[in-house]
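The values are calculated or read from the model by the stated rules, or taken from the named source; none is laboratory data. Here the structure is a predicted model, which is why all the values come from computation and not from measurement. Cβ sites come from the backbone with ideal geometry, for glycine too, and all protein chains shown count toward neighbours.
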DNA sequence: AGGATGATCGTCT
DNA sequence: GACGATCATCCTC
């Protein structure tokens, strides 16, 4: 999914950018919300692929995921950072910051910049909807991987399931994870 | 550049 | 009653 484009059209305007950082939450993964089975919150993870799984975290932020396995298998890809593309001014306004670096570098930052919230949970990202995912013209190269960020569970924390575009200046998290 | 902390509430034990 | 797939802020090196 590195290099794919994520855009959201709202009455305020179009915002979006190119995906440069993701994390995979796979089958049998103790760090995945789907690990303990299907529940109201995570039901979308068990649905068809390429749909939005949006959940609230720490009582104040939203995180956006793309479902990634066939119907019945709970899995998803957390989008952690975008290279800002469309609607820079609107994203600055929503984020309340001026620095481009702070617009979309972080899962909840990009959700805020694109106005992604729980109302979009379950959206078909390949349909003609407001929130869309578009494949790149040519696949991204120079993809690096590392441990995931913010995972405490031992065992799950070791796995290299974070993916990012090498050399991108738009990544989130500690620099040591993205050399 | 990197570590600690508080905010804040839905979800699960 | 505890704990997050986080962020902004404050602190020390």
State whether the residues of the stretch A:89-102 include one that is within 16 Å of DNA strand B (Cβ to nearest atom), in a loop (DSSP other than H, G, I, E, B), under 30 Å from residue A:37 (Cβ atoms) and at pLDDT 95 or above. no
The condition of being buried (at least 18 other Cβ atoms within 10 Å of the Cβ), within 13 Å of residue A:113 (Cα to Cα), over 12 Å from the mean Cα position of the chain (by Cα) and touching a residue at least 60 places away in the same chain (Cβ under 8 Å) holds, among A:10, A:15, only for A:15
Would you confirm, using the coordinates I've provided, whether residue A:37 is crowded, with 22+ Cβ neighbours inside 10 Å and farther than 26 Å from residue A:168 by Cβ? no
Residues located in the stretch A:128-179, provided they are over 17 Å from the mean Cα position of the chain (by Cα) and not in a loop (DSSP other than H, G, I, E, B): A:175, A:176, A:177
Taking interchain pairs and intrachain pairs at least six residues apart, which have beta carbon atoms under 8 angstrom, with the first residue in the stretch A:163-177 and farther than 9 Å from residue A:20 by Cβ and within 15 Å of DNA strand B (Cβ to nearest atom) and the second assigned to a strand (DSSP E or B) and modelled with pLDDT under 95? A:177/A:146
Could you list, in sequence order, the residues of the stretch A:144-179 that are near DNA strand C (Cβ under 10 Å from one of its atoms) and modelled with pLDDT under 85? A:152, A:153, A:173
Got a number for residues in the stretch A:18-40 being more than 10 Å from DNA strand C (Cβ to nearest atom) and on the phi < 0 side of the Ramachandran plot? 9
Note down all Cβ pairs under 9 Å where the first residue falls in the stretch A:54-82 and is free of Cβ contacts under 8 Å to residues at least 24 places away in the same chain, the second is part of a strand (DSSP E or B), and they're at least six residues apart or on different chains. A:67/A:51; A:67/A:52; A:67/A:53; A:67/A:76; A:67/A:77
Tally time: how many residues in the stretch A:104-127 are assigned to a loop (DSSP other than H, G, I, E, B), without any contact (Cβ under 8 Å) to a residue 60 or more places away in the chain and surrounded by 17 or more Cβ atoms within 10 Å (Cβ to Cβ)? 0
Does residue A:89 satisfy the criteria of being closer than 16 Å to residue A:15 by Cβ and surrounded by fewer than 20 Cβ atoms within 10 Å (Cβ to Cβ)? yes
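Please go through the stretch A:33-51 and pick out each residue that is part of a loop (DSSP other than H, G, I, E, B) and more than 12 Å from DNA strand B (Cβ to nearest atom).
The answer is A:47, A:48, A:49, A:50.
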